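The values are calculated or read from the model by the stated rules, or taken from the named source; none is laboratory data. Since this is a predicted model, take the numbers as computed values, not measurements. Because the Cβ atoms are built from the backbone with ideal geometry, glycine has one as well, and the counts that use them run over all protein chains shown.
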């Protein structure tokens with residue numbers, strides 16, 4: 001199988017699994033009320049956090065196993081684990097069983113990190129940066145399409161029973177993975193800690209994870225209460241407008257990620273991340289103080305462009321510290337930092353919005369991004385002392 005077919009199959013498998021996993025969370029409240037006959041609608045928020053929290057804990061462990069036993073095996077395990085947990089979710093008879101099944105989704109899933117680790121065995125450098133950008137686009141496309149299509153399919157049906165049919169999607173993804181070749185063993189490609197060009201990586205792996213955590217926290221904290229914020233800040237807003245405004249940054253990613261990658265994903269990654277995060281913080285601050293629709297549209301679009309550039313720069317930094325031998329640990333830890341950022345953002349968003357109003361998450365997000373940008377600026381001179389090794393004249 002050619003590398004292009006391997007990449008296409010990996011992307012297709014991840015989209016199918018992500019479509020199923022991301023399509024159902026908006027219906028947790030309905031499942032509680034209509035299927036499990038529970039009046040505790042507040043549990044919907046906790047059920048949203050449970051898989052994310054368990055994934056944050058388990059992803060580094062799965063990543064280490066991928067480096068030891070093979071990326072294909074662990075990617076196959078992730079898809080099969082998701083299929084089993086979906087099927088068990090469909091059998092839940094009460095709130096406790098439903099919560100336990102969601103916990104299994106977090107523990108047994110991890111298809112995003114496993115897919116990235118497998119892709120790192122067939123690509124490196126800028127090509128890997130481009131593939132990571134495509135993978136992020138796959139997740140955002142699933143985030144768009146999943147809830148919308150699930151809403152149509154769930155008409156006249158019990159949402160909980162849909163998990164039984166959704167289990168078929170990761171099973172199909174597992175079949176795709178089964179047909180793909182196993183990459184070279186980790187022993188044949190020991191981790192180097194250097195880029196494919198032989199230069200020292202611009203930042204240490206722990207710093208990349210910290211930057212990713214701050215970026216995810218600063219953006220995700222604005223998600224849960226954006227609709228109430230828009231309704232509060234803008235008068236006479238059409239009912240459909242908050243949803244469209246919420247989706248604008250994600251739409252911008254889908255439109256601009258691939259065209260932007262050749263321009264900003266090759267070199268000067270830290271300065272690019274610094275400038276992009278500064279622009280993102282400014283867009284968040286502007287949204288917190290906007291009171292008219294045209295201004296909010298411009299700022300949401302600016303947020304999307306800055307967010308896209310941040311992702312591309314982060315993908316470039318990840319590619320610079322990743323090779324086929326350490327890809328499992330790298331992407332397992334990176335995905336854990338993403339999940340921890342989302343958990344922290346979700347936990348803080350509720351308290352901040354309740355205490356200070358729906359604009360508060362934007363201010364906290366801007367502060368987190370601004371602090372991260374400042375730390376990048378301080379660290380740059382120290383990293384500038386690294387010089388690439390001299391080229392051989394042989």
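Brief remarks follow.
- Any hit, region 333-345, residues being more than 17 Å from residue 129 (Cα to Cα), surrounded by fewer than 24 Cβ atoms within 10 Å (Cβ to Cβ), touching a helix residue (DSSP H, G or I) at 6+ places or on another chain (Cβ under 9 Å) and at pLDDT below 90: no
- Unmet criterion (only one of (1) assigned to a helix (DSSP H, G or I); (2) in contact with a helix residue (DSSP H, G or I) (Cβ under 8 Å, 6 or more places away or on another chain); (3) over 29 Å from residue 74 (Cβ atoms)) for residue 17: (3)
- The residue pairs whose first member lies in region 81-103 and is assigned by TED's automatic domain parsing to the domain that holds residue 115, whose second member is surrounded by fewer than 17 Cβ atoms within 10 Å (Cβ to Cβ) and part of a helix (DSSP H, G or I), and whose beta carbons are closer than 7 Å, counting only pairs six or more residues apart or on different chains, are 87/164; 90/161; 90/164.
Per-residue answers, yes or no, for (1) at pLDDT 75 or above; (2) in a helix (DSSP H, G or I); (3) touching a strand residue (DSSP E or B) at 6+ places or on another chain (Cβ under 8 Å); (4) surrounded by fewer than 21 Cβ atoms within 10 Å (Cβ to Cβ):
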{"position": "129", "(1), (2), (3), (4)": "yes, yes, no, no"}
{"position": "144", "(1), (2), (3), (4)": "yes, yes, no, yes"}
{"position": "157", "(1), (2), (3), (4)": "no, no, no, yes"}
{"position": "163", "(1), (2), (3), (4)": "yes, yes, no, no"}
{"position": "184", "(1), (2), (3), (4)": "no, no, no, yes"}
{"position": "199", "(1), (2), (3), (4)": "no, no, no, yes"}
{"position": "207", "(1), (2), (3), (4)": "yes, yes, no, yes"}
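- Yes/no for residue 108 being crowded, with 20+ Cβ neighbours inside 10 Å, without any contact (Cβ under 8 Å) to a residue 60 or more places away in the chain and not assigned by TED's automatic domain parsing to the domain that holds residue 244: yes
- Residue ID - nearest to the chain's Cα centre (by Cα), chosen from residues in region 113-127 that are more than 14 Å from residue 325 (Cβ to Cβ) and assigned to a helix (DSSP H, G or I): 113
- Breaking point among (1) buried (at least 17 other Cβ atoms within 10 Å of the Cβ); (2) modelled with pLDDT under 90, for residue 148: (1)
- Failed criterion for residue 195 (all others in (1) modelled with pLDDT of 75 or more; (2) surrounded by 18 or more Cβ atoms within 10 Å (Cβ to Cβ); (3) more than 23 Å from the chain's Cα centre (by Cα) hold): (1)
- Qualifying residue in region 32-49 (condition: crowded, with 18+ Cβ neighbours inside 10 Å, closer than 29 Å to residue 326 by Cβ and in contact with a helix residue (DSSP H, G or I) (Cβ under 9 Å, 6 or more places away or on another chain)): no
- Candidate set: region 349-358, residues that are farther than 10 Å from residue 224 by Cα and surrounded by fewer than 19 Cβ atoms within 10 Å (Cβ to Cβ); chosen: the one nearest to the chain's Cα centre (by Cα): 351
- Selected residue (only one of 246, 256 is closer than 21 Å to residue 226 by Cβ, assigned to a helix (DSSP H, G or I) and at pLDDT below 90): 246
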